Amino acid sequence: MLKPLPPSAHLRSLLRRHFLSPPLPSPPSIHRHYHVLHPQNPALPNPKPYYFFTPFFPKFFSSQTPIQDSQEIAESISYELTKDQNDQTTTLPKRLDLSFSHITLTSNIIQNTLNLSPKSGRTVLDFFNWVSTRSDFKLNDESLSYFIEYFGRRKDFKATHEVLIANKEVSGNKCFESLIDRLVRAGRATQVVATFEKMELDYGFVRNLESLKYVVSKLCDYGFASNAEKLVTDVANEFFPDEFICDTLIKGWCVDGKLDEARRLSQEMYRGGFEIGPVGYNAILDCVCKLCRKKDPFRLQSEAEKVLIDMDVAGVPRNVETFNVLISNLCKIRKTEEAMNLFDRMGEWGCHPNEETFLVLIKSLYQAARIGEGDEMIDKMKSSGFGDKLDKKAYYEFLTILCGIERIDHALMVFAKMKKDCEPGVKTYDLLMGKLCAHGRVDKANALFKEAEKKGLPVEVKAYKVDPRFMKKAVVVKEKKRETLPEKMARKRSRLKKIRLSFVKKPKKAQRRAY
C-alpha cells in the first residue's frame, strides 16, 4: 500500500508541472510517461519524443584536439634545443622527428624558437639541418635570414659561412642585410669590406650599387667611415658614387667625431661637382654641437650659427632634422628656453615639428621642473597628430624624469594619462612602487601592486628602502632622573650667582673720539 505524499511534495510536483512542463497534447499511447511508439514500426520506441526535455551539450565537448599555438610549439622546440646534448641517447634531429613530425612548420615558428634559445649555440645547426630536411617546409630567404641573425648575435660567423655556402640558391637580400648588419655590429669592418668584394663568388649575392649603398650606410652608422671611404674609392670604377653615398660618408666621419675629415671630404665633393645635401650639413651641425658640448658649451650657439650660415650660402634649406639637432643639443646643456624659442620659430622656415621634436622638449621641460609646460606640450603633440607615438616607452621616460626630480604626485598624474593612451608594463609599476615606498607612501604602493596583479602583470614582491629624508624621526622621550643632593646644591649656587651678577653695573664700552 502506497503512503500518501506530504503536502510539500504535492506543492513541488504542482509547481514543477506548472512552470516546467508546457501544456502539450499527449500522444496516443498507454506508455505516455516513458516513450511513444515509432511511426513506421510500432514495435520500436520513437527515438525522440517531442514532449521530453532534450539536454543541451556545449560545442566544446568534442573529440577533436585543439590546434596548438605557434608560440607553444616554439617553446617546446626551444626546450629540446636547450637540453644538454651529451646526456641524450638520441640526436636532436631524431628527437624532433619523433615529437614534432605532425606540426606544420612556418617561418614564424622558426623565428620564435631562435629568439627563445639564445644559449643553444651550435645545437641550432642541428635544428637547421632538421628544418632543411622537412618535406613539408621549403627554406626561403626570410627563414634563412633568421639563422644568420642568430649566429651573428653569437658572433659565430664560421657557422654563418657554412649555412650560406650550403644554401646559395636560397639566400637573397634579407640574408645579405642580416650578414652585413651583424658583422658591422661585431666591429668587423675589415671583414665587411672583404665580404662585399667576394660575395658573388662565395654566397651568390647580387653585387650592385644598391648593395654598395647598404654596406656604406651600415659602416657609417657605426663610425667606420675610413673603411667605407676606402671601399667606395676601390670600387669607384665599377660603381661611381652618387650624392647619397657622399652624404653618408660625411655623416660617417661626423659619427666618428672627426670634423676635419668631414670638412675635407665636403670640399673634395664640391670640387668634384657634387652638392652637399641637408643630410651632410645636418651631420656636420650635429658634430659641431657635440664637440662644443664636450669642450666648451658656451660656444655651441655661435659655432652652430656658422654652419647655418654656410647652409644659407650654399642654398640648402633647413628642414625639421636641422631643428631637431639644434633643439636636442640645447636641451642636453639645459638651455630649455633657447630650445623653446627655436621651436616657436620653426614655422618661419616652413618646417613643422615631428614626434622627435615633441619628445625631446617634453623631457627637457620636465627635467627643468617646468611641469605645466610639459603637460601642455603633451597636449600639443596629440593635437598635431603624433599621439600614437606616446607609447609605453615614451611615458616610462617621462615618469623616470619626474621621479628623479622627486615630483611623485605629478608622476602619478602622468601615469593616469598613460593608462588612457597605452597599457603600462611591469617596469613602470616597479618604478612607481619603489618611489612611493621611498617617500613612505606604502598604502599607495600596495594599491598599485594590486592593480598590476589584477591586470595579470608578473610583478614581484620586493623590499624597497625608505629614503632617510622622508623617514619619520622617532621622538625621544627623556626620562626624568631624580636629582641628587650635590647636584641640587650646585644648581642653586649657579642660580644665585646669576642673580647676584644681574645687579652689578656693567662698564660702558669706550667710545673712540673722532679727530
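Give the relative contact order (percent, whole number) for the range 219-268; include only Cα pairs under 8 Å separated by 6+ residues. It would help to have the intermediate numbers written out before the result.
On the way: 43 pairs, mean separation 22.9, N = 50.
Once divided by the residue count of the range 219-268, the mean separation gives 46 percent.
Could you sort 70, 117, 384 by accessible area so the largest value comes first, with the probe set to 1.4 Å?
384, 70, 117
What residues of the range 83-127 lie in the reach of a label at residue 136, counting those whose backbone N is under 19 Å from a point 7 Å from the Cα along Cα→Cβ?
93-113, 127
Suppose the chain between residue 271 and residue 101 were pulled fully straight at 0.36 nm per residue; how much longer would it get relative to their current alpha carbon spacing? Can you show the working numbers first?
Details: separation 170, 0.36 × 170 = 61.20 nm, distance 6.48 nm.
Full extension of this stretch gives 54.7 nm more.
Quick check: residue separation of residue 447 and residue 466 times 0.36 nm, minus the Cα distance between them. What number comes out in nm?
5.1 nm
Given 0.36 nm per residue, what is the gain on full extension from residue 499 to residue 337 after removing their alpha carbon distance, in nm?
51.9 nm
Once the Cβ-Cβ distance between residue 455 and residue 393 is put in as r, and R0 is 30 Å, what FRET efficiency do you end up with, to the nearest 0.05?
E between residue 455 and residue 393, to the nearest 0.05, is 0.95.
Can you give the FRET efficiency for residue 236 and residue 301, using 1/(1 + (r/R0)^6), R0 = 45 Å, r = Cβ-Cβ distance, to the nearest 0.05?
Using R0 = 45 Å, I get an efficiency of 0.70.
Under a point-charge model restricted to the Cβ atoms of Lys and Arg (+1) and Asp and Glu (-1), what is the dipole moment magnitude of the range 122-188 relative to its Cα centre, in debye to the nearest 20? Walk me through the numbers before you get to the answer.
Working: 12 positive and 10 negative charges, 69 e Å.
So the dipole magnitude of the range 122-188 works out to roughly 320 debye.
Where the centre of each part is set by its Cα atoms, how far does the range 453-474 sit from the range 331-391, in angstrom?
Rounded to whole Å, the Cα centres lie 33 Å apart.
How high is the FRET efficiency between residue 89 and residue 201 when r is their beta carbon distance and R₀ equals 56 Å, given to the nearest 0.05?
Working: r = 42 Å, r/R0 = 0.76.
About 0.85, to the nearest 0.05.
Taking the dipole about the Cα centre of the range 284-357, with the C-beta of Lys and Arg at +1 and of Asp and Glu at -1, give me whichever of 323, 288, 342 is farthest to the positive side.
288
Quick one: which of 83/427; 295/332; 119/168; 435/455 span more than 24 angstrom between C-alpha atoms?
83/427; 119/168, as the Cα separations exceed 24 Å there.
The values are calculated or read from the model by the stated rules, or taken from the named source; none is laboratory data. Note that this is a predicted model, so its numbers are computed, not measured. Quick reminder, even Gly has a Cβ in these numbers, built from the backbone with ideal geometry, and neighbours come from all protein chains shown. Each accessible area value is taken on the protein alone, full model and side chains, heavy atoms only, with ligands, DNA and RNA left out. Shrake-Rupley method; radii C 1.70, N 1.55, O 1.52, S 1.80 Å.
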